[in-house]
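Asker: Before we start, here is the structure in question, set down as structure tokens.
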Amino acid sequence: MNQVYELNLNDLRRLGRYSHVTAKLQDDTIAELRRDGIYISHDNAIIDGKKCLVKMREDYVKVFPKIRTIKQGKHLIAERRDNKLVATYKYKNSQG
């Protein structure tokens, strides 16, 4: 039987401790997972009259339903299937 592991908020916090972990959101925005939250880049900010790239921190609880996929480097860690964030083979093997 093929059992599916569904990721939860604690898994996202655990992944945030590692480097190069990103999430693709429903609006195709790429966000960075860190231990204190998820950082979403906004390129339409204006600071001192100049257009700048700004990363804003959001809580995992707020962004969790908007996550489509999670990658670490080039490896796909999780993807959304049937409205659930499901771990891939790479994530299940790293949990030992």
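The values are calculated or read from the model by the stated rules, or taken from the named source; none is laboratory data. Every value quoted in this text rests on a predicted model; they were computed, and no experiment measured them. When we count neighbours, we look across all protein chains shown, and the Cβ atoms used for this are built from the backbone with ideal geometry, even at glycine. When the accessible area is computed, the model is the full protein with side chains, heavy atoms only, and any ligands, DNA or RNA have been set aside. Shrake-Rupley method; radii C 1.70, N 1.55, O 1.52, S 1.80 Å.
Asker: Cα-based Rg (one decimal) and Dmax (whole number) for the chain, in Å?
Answerer: Cα-based Rg and Dmax for the chain come out at 14.5, 59 Å.
Asker: Write down the accessible area per residue of the chain in Å², having rolled a 1.4 Å probe over the full set of protein chains.
Answerer: Value for the chain: 72 Å² per residue.
Asker: For LYS55, what residues show an amide H to amide H distance below 5 Å, using hydrogens built from the backbone and excluding near sequence neighbours?
Answerer: For LYS55, the qualifying residues are HIS42.
Asker: In deg cm²/dmol and to the nearest 500, what is the mean residue ellipticity at 222 nm of the chain if only DSSP H runs of at least 4 residues count, each as -39500 (n - 2.57), divided by the residue total?
Answerer: Value at 222 nm, helices only, nearest 500: -4000 deg cm²/dmol.
Asker: Please report, as a whole percent, how much of the solvent-accessible surface of the chain comes from carbon and sulfur atoms (probe radius 1.4 Å).
Answerer: Summing carbon and sulfur atoms, their accessible area is 47 percent of the total for the chain.
Asker: Pop a pseudo-label 7 angstrom from the Cα along the beta-carbon direction at both ILE30 and ASP59 and give the gap in nm to one decimal.
Answerer: 2.8 nm
Asker: For a quick check of understanding: with a 1.4 angstrom probe and all protein chains in place, what accessible area in square angstrom does LYS71 have, to the nearest ten?
Answerer: 90 Å²
Asker: Starting from the amide H of LEU85, placed 1.01 Å from N in the peptide plane, find each other amide H under 5 Å away whose residue is 5 or more places distant or on another chain.
Answerer: When sequence neighbours closer than 5 places are left aside, the close amide H contacts are LEU7.
Asker: Using modelled amide H (1.01 Å from N, peptide plane; none on Pro or chain starts), what sits under 5 Å from the amide H of ARG34, excluding residues fewer than 5 places away?
Answerer: Here the answer is TYR39, since their amide H atoms fall under 5 Å of that of ARG34.
Asker: Please identify, among GLY37, GLY73, GLY16, the residue showing maximal mean-square fluctuation in a Gaussian network model of the chain using a 10 angstrom Cα cutoff.
Answerer: GLY73
Asker: Okay, moving on. Tell me, what HN-Hα J-couplings in whole Hz come from the Karplus equation 6.51 cos²θ - 1.76 cosθ + 1.60 at θ = phi - 60° for each residue of segment 20-27, using x for Gly and Pro?
Answerer: Here the 3J(HN,Hα) series is 6, 9, 10, 10, 9, 8, 4, 8 Hz.
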